[in-house]
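Notes to accompany the following structure.
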Amino acid sequence: MKLARKLILSMVIGLTVILSANAYYRVRRELAAFDEDMKQDHEVLAQVLENAVTALWIDKGRDTALQLIASMKPPSKMLRIRWRDGGNQENEIAQSNALVTRVPIAIAGKVMGFVEVSESHDFARSYVRNTVIRSFVLTLIAVASIGGLTTILGIWFVGKPIEKLVERAARIGAGDVDSQVIIRQRDEIGELAKEMNTMCLRLVETRLALTAETEERLRAQDQLRHADRLATIGKLASGIAHELGTPLGVALMRANMIASNPNLGHDTRDAAQIIGEQIDRITHIVRQLLDFARGRGTAPPGPIARRNPADLLAIAEHAVAMLQPLAIKRHLLIDIVHDQILPNPPANSEQIEQVLVNLLVNAIHASERPGKVTITLGTAEGRPPADLTPPVWNEGGEPRYAFISVKDEGIGIAPDVLPRIFEPFFTTKHVGEGTGLGLSVAYGIVREHSGWIEVASERNKGSCFSVFLPLDFVEVLWKSPDESSPALGRG
């Protein structure tokens, strides 16, 4: 509002000066006209009196002429008509506070005296005072009226719009570029508001682009770090498999021989059986490492990992049959829910079963109280992550996917843990229950199938892992090292 006040004050001062100057010159002009009119009136009256007194003086004598002058009643109290004999007339006129007009009365060429017409300047002063007061009042009324109108218009068309623009600029400086300022004026202020709104829209677009670019860079950095870790794990897995494979095989064979020898004591055979079980566990961990390394491309998953239409229901039933004893031990029910018509996505059934088994094992371990684990099979629309190319679009405009979800009623996943669940060797299970590779292996297999895994979790209410597999995509077929190049086929 400071700009509006300055404009209004400048306009009021300028208007006051103009109106005051106009009133001043108008008063001077009226006073000059008033003095001129008085002089002309005096001259006319004096001329009439001169003719009348001269004629009467000649006809009836001096006394009759003087009686005529004395008997005349002026039209105004300020006006005086009298006879003057000779004397120092100029000195008297200069000392009088009136406008004096004297005409000589000449008889036979001899000046007998003067007829004097005088009017006091008090009337002129009264007229001047009234004129000045009237001009001042009119000027004050004009200044107040025009100043008030200027104030209202200035605030309406300048003050408030400028205040909105200043407030909007402050919000932009604070980072709020989403809202817009609305000024419905077809002038420079309206154009400024329009340009400010356009600038905010561009800032929003720029911010979104920068946010997306930053997220993409962070994602790329995470992927590079992840790839470095996976390469290290691949080398480690290959070394472990090479160095531990033969010794573990020999130890397992010896443990089985001891456990199957009936000549040994019961305790000895039990100890040998425990040793064999632990060797199997070590072998399983090594196998997981190798699977994890192969799943990231450090080695081909086999001679040729072909993908054929997968029977999701058969895969789920087989996985449930394998894990049913573990579920019964924890007092859990594994339920399969599926659509009437299930899709058959092109996939490696063994790998998809491995993914489902890993998810079911995690769900069973996360269920610390009796409850239910639900497997849901079906088809759904979805949008893949940014780093995945969507498959062929259907007629409705959205890509469709086969999905497998595993939902438990366990303790859930903490929000700070959720972003790390697919990292290799990261686990929240108790010691001896997991290696931290199950979800990493599952994630790698699903990504090899051009799919992805979504996770939803709520503390103390459970988690839901959903696997999305495309129904139509280009599949990369790994070839054995003796083949010259990989082949591309349609899944």
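Contact map, segment 15-44: first residue among the basic types (Lys, Arg), second residue surrounded by 13 or more Cβ atoms within 10 Å (Cβ to Cβ) and assigned to a helix (DSSP H, G or I), Cβ cut-off under 7 Å, separation 6 or more or different chains; pairs are 26/135. Pairs meeting the criteria (first residue in segment 256-271 and charged (D, E, K, R), second residue open to solvent by 60 Å² or more (accessible area, probe 1.4 Å) and in a loop (DSSP other than H, G, I, E, B), beta carbons under 9 Å, at least 6 apart or on different chains) are 269/260; 269/262.
Could you say whether any residue in segment 98-105 is open to solvent by 40 Å² or more (accessible area, probe 1.4 Å) and either modelled with pLDDT of 80 or more or closer than 30 Å to residue 15 by Cβ (or both)? Yes, segment 98-105 contains a residue that is open to solvent by 40 Å² or more (accessible area, probe 1.4 Å) and either modelled with pLDDT of 80 or more or closer than 30 Å to residue 15 by Cβ (or both).
Is it the case, given these coordinates, that residue 394 is within 25 Å of residue 364 (Cα to Cα), surrounded by fewer than 20 Cβ atoms within 10 Å (Cβ to Cβ) and either at pLDDT 85 or above or among the polar types (S, T, N, Q) (or both)? For residue 394, the condition - within 25 Å of residue 364 (Cα to Cα), surrounded by fewer than 20 Cβ atoms within 10 Å (Cβ to Cβ) and either at pLDDT 85 or above or among the polar types (S, T, N, Q) (or both) - is not met. Residue count for segment 5-34, restricted to those that are more than 18 Å from residue 135 (Cβ to Cβ) and exposed (fewer than 13 other Cβ atoms within 10 Å of the Cβ): 4. When 285, 275 are checked against the criterion of being open to solvent by 30 Å² or more (accessible area, probe 1.4 Å) and modelled with pLDDT of 85 or more, a single residue qualifies: 275. Report whether or not residue 269 is closer than 30 Å to residue 164 by Cβ, in a helix (DSSP H, G or I) and charged (D, E, K, R). Here the answer is no, as residue 269 does not meet what is asked. Among the residues of segment 321-351, what is the count of those that are surrounded by fewer than 19 Cβ atoms within 10 Å (Cβ to Cβ) and closer than 14 Å to residue 442 by Cα? Going through segment 321-351 one residue at a time, the tally reaches 2. Within segment 168-205, the only residue that satisfies the criterion of being in contact with a Pro (Cβ under 6 Å, 6 or more places away or on another chain) and outside any loop (DSSP other than H, G, I, E, B) is 189. Which residues, counting only those in segment 327-351, are assigned to a helix (DSSP H, G or I) and either under 16 Å from residue 449 (Cβ atoms) or hydroxyl-bearing (Ser, Thr, Tyr) (or both)? Correct list: 349, 350, 351. Of the numbered criteria (1) over 35 Å from the mean Cα position of the chain (by Cα); (2) open to solvent by less than 30 Å² (accessible area, probe 1.4 Å); (3) at pLDDT below 85; (4) not hydroxyl-bearing (Ser, Thr, Tyr), the one residue 399 fails is (1). Pairs linking a residue in segment 207-219 that is assigned to a helix (DSSP H, G or I) to a residue that is at pLDDT below 90 and charged (D, E, K, R), with Cβ atoms under 8 Å and 6 or more positions apart or on different chains, are 219/387.
State which residue is modelled with the highest pLDDT when the search covers only segment 227-272 and only residues that are open to solvent by 60 Å² or more (accessible area, probe 1.4 Å) and small (Gly, Ala, Ser). By that ranking, first place goes to 260. Can you find, within segment 447-491, the residue that is modelled with the highest pLDDT among those that are over 30 Å from residue 368 (Cα atoms) and acidic (Asp, Glu)? Result: 448.
Give the residue that is farthest from residue 407 (Cα to Cα), with candidates limited to residues of segment 352-374 that are open to solvent by less than 20 Å² (accessible area, probe 1.4 Å) and either part of a helix (DSSP H, G or I) or aliphatic (A, V, I, L, M) (or both).
352
Residue count for segment 127-173 satisfying the condition of being of a type in the set (D, E, K, R) and surrounded by 13 or more Cβ atoms within 10 Å (Cβ to Cβ): 5.
The values are calculated or read from the model by the stated rules, or taken from the named source; none is laboratory data. Worth saying up front: this structure is predicted, and the values here are computed from it rather than measured. Please note: Cβ atoms are built from the backbone with ideal geometry, for glycine as well, and neighbour counts cover all protein chains shown. The accessibility values were calculated without ligands, DNA or RNA, using every heavy atom of the protein model including side chains. Shrake-Rupley method; radii C 1.70, N 1.55, O 1.52, S 1.80 Å.
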